[in-house]
Amino acid sequence: MKPPQPTIGGMVQAADHLAPALEAATHCPYCALQCGMVLRRSEADVTVQPRNFPTNRGGLCQKGWTSAELLTSAERLTTPLARPRKDADLEPVSWAEALDRVAAEIRRIRAAHGPDAVAVFGGGGLTNEKAYTLGKFARVALGTANIDYNGRFCMSSAAAAGIRAFGVDRGLPFPLADIAEADAILLAGSNVAETMPPFMRYLTEAKRRGGALIVVDPRHTPTAQQATLHLRVTPGTDLALANGLLHLAITEGYLDKDYIARRTTGFEEVRRVVAEYWPERTERITGVPVAQQREAVRLLAEAERAMILTARGAEQQSKGTDTVSALINLALALGLPGTPGSGYGCLTGQGNGQGGREHGQKADQLPGYRRIDDPAARAHVARVWGVDPDSLPGPGVSAYELLDALGTPAGPKALLLFGSNLVVSAPHARHVEERVRSLEFLAVADVVLSETARLADVVLPAAQWAEEEGTMTNLEGRVLRRRRLHEPPPGVRTDLEIIAALAARLGHGARFSAEPRAVFEELRRASAGGPADYSGITYERIEAEDGVFWPCPAEDHPGTPRMFLDRFATPDGRARFVPVEHREVAEDLDAAHPLYLTTGRVLHHYQSGAQTRRVKPLLDAVPEPFVQLHPDVAERLGIAEDDLVRVVSRRGEATARARITDTIRDDTVFLPFHWGGAGRANSVTNPALDPTSRMPEFKVCAVRLEKLEQADAGVAP
Amino acid sequence: MTAVNRVVVVGYGMAGARLARELRARARDLRIIVFGAERYPAYNRVLLSSVLAGKADEGDIALAEPTSRVELRTGVTVTAIDPADRTVTTDDGTVTRYDALVLATGSRAWIPPVDGLDPAALPEGVAVFRTLEDCRRILRAAEGARRAVVLGGGLLGLEAARGLALRGLRVEVLHAMGHLMERQLDPGASRVLTRTLRGLGVSVRLNALTEAVLCDQGRVRAVRLAGGEVVEADLLVVACGVRPETALAEAAGLKVDRGVVVDDQLRTCDPAIYAIGDCAEHDGTVYGLVAPAWEQARVVADVITGADPRARYAGSRVVTRLKATGVDLAAMGDTQVEEDEEHEVLQFVDPTRGTYKKVVIRDDRLVGAILLGENATVGTVTQLFDRSAPVPVDRRALLFADLRGQAARTVESPVQIPDRTTICQCNSVTKSAITKSWLAGARSVEDVIKETRATTGCGGCRDTVEGIVEWLAASDPQTTGSCS
């Protein structure tokens, strides 16, 4: 389908034969696949139709189809709210009052405790323009080092490992279309059939062409059910499995020795490390039978085009970075990265998880994926911003550490929160909630009154995806246009307008624009020369070319759909092998906690559920939290289907309905993380951090189950 | 305990090399001195059978060097320990002081008392199978050889036999006992294993007592068995087990039984001297395997560096895995138990397919297992054994993988699908929703899709939706409903 012709403001007149309605060709508000869709507005409502965009090829899951329902949700916030006193309820106030109050609190707390006492927390769902502006706002208007975002709970392990090996991090360094052409695909810790259903089309096509799909997952997920080979790995042992597969690749004679010699460094040390991961030892650590290890390696190595893809299952571990490195080592040994049709990639989760980690809302970064401790990067960005490089703060702490410090004597006293519902989504959420409650001041910009917004002193009603312009960068590194269908409802402002208004009150009005296009133009200049170079990308090019892949350093540069074909982004142009060792999970089983807990998503909900729990068909499909457990576990504990069960760890507990299934290992239970309140999975999870990426260990901790006797008690918050 | 500043490790095999790394990881400033009698760097002994089989070369089995600041002295043999002085003397004449000494001297191959086999001067064409040097020796002798005999049907003997068969030799295993791997297997498993090996070019002779090795001009020619039978061989591998290397400890006056006797902190009777790996005897057991040696290395490192002064080694659970291409064999725990009041025994035998499975359960826990042949459950079984976790309610799941979690996804006939079954997961479309759309006038697959959004997510249900629409077209449900 041809995208509609753009007009000013991104709106187009519908074709003549349609009823008088406005429409916008845009993208789904949810995951990083960023499915193309057309929104149509009529008198009564807004309808969604999938577009034949290169990512979704005309497909949409139920989340996408129903995404417009939230535009008119009765639960939408349409007026700012503020709490007159700490112990008072939130009350409607005017925008002027709300913004004045936020600015006054910032000034007061900054004066009392210094600039770092005000923290900013962002999200991987924000547009590039917003992520960029938020980073600039923190460094220029607030002067605080304390800014980070929820992508730390999402992409940071893969990003760190990618940079370590390739010198740059772009989720997929090749277009999605390449996946459909692969002869073998190893998917580690990803349940795409539920998390990004249209992605399955590429896997199905690859399989139809005779390709093999290997899925590494403790659960026999809908994705694993489609696999040629399912490696049902013990939670927290993916690293050992990857080292074991590389060991087999060596002993079975599958190394691409020419590639290793020409394009990599560091193989010898890795060879010595994986010498200790012989198949039988690997089997004992991982539970994956030797025969299946052999088969997996054979499938990957004998394929002409092979890919290794990782997602949160492998990454959200206290050794997530090393786990990804181990899988990259395997890919390098087989000669995959930078070889047309093959490669390593990570499947980004959040809508703008990719762009969100490139433009400065991360504690250690400046726009263009630059490091904030690099003097040249500071000088460049400071020039674009018109400030003294020395005035820019240094690196701050990462997300969990930031949240952990809130309200403490040395930590931030105020927090400005955009695009995240962290009391549901952060690990050890009970503790994080305590920290948030201990703040002197909390301001939240959101669409609805989320669990976190309920705790705020000031709540600012924000515009939604169909009400604003901007760009998103999807899991392929393809920069896309988000288009506005119509103005936000009265009383609602865009995040950019909110930030610009606050900046003006703090005396930096001239430096901040609320116009997405103006912000993007500035972002182009700020990113120029950085690893994620957007300087050649324009709104017009994105329209004309179905998105543009970064790096794109000039307007006459075609963009970069496939990276690393000639060289890697390392100083010597070679990819780096990184020796990594298996380590035990941060919290292993004991008599009081005899089961592993792993967490994840279900098809019908997204992230903290703040959006999807407010869409009726999605809530009807999965109305409340549940815990998946094996029939043997159920029998031992006398638990029946639908019973209420408490999942108890050393940190807390969550209550959920029993879902008994033999698709899960009998030493593991699964909780989705889309709910707050009594069913909050992150009351249970372990905040043990990866030493490199600071990623928490969401994917494994030790728990026990307790059957709840009052079967009539509800679990939904 | 006085502060430990200098640790001396005797032995640079898999235990010693691992220990050096464990120590370094815990204590940056500790002085670590490692003596290794073999001249080359540490290698992975477990993989020697892969080298023998031609699956790995020497470069593939080199182990990671300890990180910097480990003083490594290879090609140097420790000749004496002076516990009073806390020093060791080496064959290059130097004396080295220690605060803590760890013996990781390993074991040596045992050569049975057989005529013609002088341990000090083995005939040409005869080799033990223990070190990389042994492996090289075997490979040199294998060149030009046609018939190989392996003395010993234990783990190492069978791995050597399989490796030589892969190199094209005719191989015969002579085993003195009534069944193969008699410590790990029961006679039934041995029978199936024998059959499997025969198919791979390795013949097995049981109850075969070797009387003499016959030579021709100093070169092996044949083996004579008790009873007089002669088995020709131009290569003879002796794999009759190992003995802990305890001479140094004995000479130093340490308590030695089968191995150097150690307590739960791997300490010998001298509190400054420890022993780990093949040379150590803990709680009456000499393991002779890598996994226990590495567990011991971890405990010793914790104790010596003070990282966890109360660390204890509680013994290891042993899982034996035969590394021989074409044979999948795992054995663990008590395998020779028969069914009785205390023990449940599950067995499945399919000799023509080379399958022998036996699982022994006591008090709902798995206490022993043999899995030979097709064994997709080996990962699960091993973990249950390791963790002493409760076994599945349906015991069959221990023997057959496809009972576990491979939720059957057979394509049902549309008529059999219950109405409430979700056909399209991505859009929560049930069979009844599809039927309803049909009744409301959607008469083609495309119309049904437009109405219900089925197939528009992952697209995986397309075939099922087409099947249902076909079935609806063929049998209008209203009509069939009134007929039934």
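Bear in mind that the values in this text are calculations on the coordinates, not laboratory data. These numbers come from a predicted model, not from an experiment. Here the Cβ positions follow ideal geometry from the backbone for every residue, glycine too, while neighbour counts run over all protein chains shown.
Multiply the residue gap between B:A226 and B:A84 by 0.36 nm, knock off their C-alpha separation, and tell me the result in nm, one decimal place.
46.1 nm
Going by alpha carbons, how many degrees (0 to 90, nearest 10) lie between the helix axis of B:290-305 and the longest principal axis of chain B?
Relative to chain B, helix B:290-305 is tipped by roughly 70 degrees.
Averaged over its residues, how many other protein chain Cβ atoms are within 10 Å of peptide B:458-467's Cβ atoms?
The shielding value for this peptide is 4.
Cβ neighbours within 10 Å, averaged per peptide: list B:34-43, B:77-86 in order, most packed at the top.
Order by mean packing, descending: B:34-43, B:77-86.
Determine, from the Cβ-Cβ distance of B:R147 and A:E304 and an R0 of 45 Å, the FRET efficiency 1/(1 + (r/R0)^6), rounded to the nearest 0.05.
0.60
Pairing the Cα long axis of helix B:378-387 with the longest principal axis of chain B, what angle in degrees results, from 0 to 90 and rounded to the nearest 10?
With rounding to tens, the tilt is 60 degrees.
Once the Cβ-Cβ distance between A:A177 and A:A104 is put in as r, and R0 is 56 Å, what FRET efficiency do you end up with, to the nearest 0.05?
It comes out at approximately 0.60.
Checking the a/c ratio against 1.5 first, then a/b against b/c, what shape does the Cα gyration tensor give for chain A? Please list the in-between numbers first.
Working: a/c = 1.41, a/b = 1.21, b/c = 1.17.
Because its axes are fairly even, with a/c under 1.5, chain A counts as rounded.
Taking 35 Å as R0, compute the FRET efficiency from the Cβ-Cβ separation of B:D283 and B:L200 and round it to 0.05. Walk me through the numbers on the way to the answer.
On the way: r = 38 Å, r/R0 = 1.08.
After rounding, the FRET efficiency stands at 0.40.
Given points 7 Å out from each Cα along the Cα-Cβ axis, report the A:A44 to A:A379 separation in nanometres with one decimal.
6.3
Taking the highest mean first, how do the peptides A:212-219, A:561-568 order by number of other beta carbon atoms within 10 angstrom per residue?
On the way: A:212-219: 25.0, A:561-568: 16.8.
Sorting A:212-219, A:561-568 by mean packing, highest first, produces A:212-219, A:561-568.
Which net charge results when you count Lys and Arg as +1 and Asp and Glu as -1 among the other residues whose beta-carbon is under 9 Å from that of A:P389?
With Lys, Arg at +1 and Asp, Glu at -1, the net is 0.
How big, in percent, is the set of alpha carbon pairs in chain B lying more than 36 Å apart?
That tail contains 48 percent of the Cα-Cα pairs.
Tell me, how many Å apart are the Cα centres for the stretch B:39-97 and for the stretch B:415-480?
If we compute the Cα centre of each part, the gap is 69 Å.
Bin width 10 Å, origin at 0, all Cα-Cα pairs of the protein assembly as shown: what percent of pairs per bin?
Bin by bin from 0 Å, the calculated values are 2, 9, 16, 20, 19, 14, 10, 6, 3, 1, 0.
With contacts defined as alpha carbon pairs under 8 Å and 6 or more residues apart, what's the relative contact order of chain B in percent? Present the calculation step by step, with values, prior to reporting the outcome.
Values: 988 pairs, mean separation 55.3, N = 484.
Result for chain B is 11 percent.
What does the charge add up to near A:L71, with Lys and Arg as +1, Asp and Glu as -1, over the other residues with Cβ less than 9 Å from its Cβ?
Around A:L71, the charge tally is -2.
Considering the options B:C424, A:T692, B:V34, tell which one lies farthest towards the positive end of the dipole of the protein assembly as shown, charges being +1 on Lys and Arg and -1 on Asp and Glu at the Cβ, about the Cα centre.
A:T692
Hey, if you put +1 on the Cβ of every Lys and Arg and -1 on every Asp and Glu Cβ in chain A, which of A:N128, A:V192, A:V633 ends up farthest toward the positive end of that dipole?
So the residue we want is A:N128.
So how far apart, in nm, are the two label points at B:S432 and A:E268 if each is 7 Å from Cα heading toward Cβ?
Inter-label distance under the simple model: 7.0 nm.
Which value at 222 nm does chain A reach when only helices count, each DSSP H run of 4 or more adding -39,500 (n - 2.57), with the total divided by all residues and rounded to the nearest 500 deg cm²/dmol?
Helix contribution divided over all residues of chain A: -8000 deg cm²/dmol.
Full-extension gain between B:A121 and B:A474, please, as 0.36 nm times their residue separation minus the C-alpha to C-alpha distance.
Working: separation 353, 0.36 × 353 = 127.08 nm, distance 8.62 nm.
Working it through step by step, the gained length comes to 118.5 nm.
How large is the Rg to Rh ratio of the stretch A:141-229 when both quantities use alpha carbon positions and Rh follows Kirkwood?
On the way: Rg = 16.5 Å, Rh = 15.0 Å.
In the stretch A:141-229, Rg relative to Rh is 1.10.
Could you work out how far helix B:187-199 tilts from the main Cα principal axis of chain B, as a 0 to 90 degree angle to the nearest 10?
90
Return the average number of partner chain Cβ atoms within 10 angstrom of each residue Cβ along peptide A:269-277.
Per residue, the number of nearby Cβ atoms from other chains is 5 on average.
Please give the average number of partner chain Cβ atoms lying within 10 Å of the Cβ of each residue in B:382-388, rounded to a whole number.
4
Report the equivalent ellipsoid semi-axes for the stretch A:156-346 in whole Å, largest first, defined as the square roots of five times the eigenvalues of the gyration tensor built from alpha carbon atoms.
Computed over the stretch A:156-346, the values are 22, 19, 17 Å.
Starting from the Cα of A:D556, step 7 Å along the direction of its Cβ; do the same at B:R219; then give the gap between the two resulting points in nm.
Output for this residue pair reads 7.7 nm.
Around B:E124, with a cut-off of 13 angstrom between Cβ atoms, what is the net charge of the other residues, counting Lys and Arg +1 and Asp and Glu -1?
0
What number, in percent, do you get for the relative contact order of the stretch A:595-707 if the mean sequence gap of Cα pairs under 8 Å and at least 6 apart is divided by its residue count?
Relative contact order for the stretch A:595-707 comes out at 37 percent.
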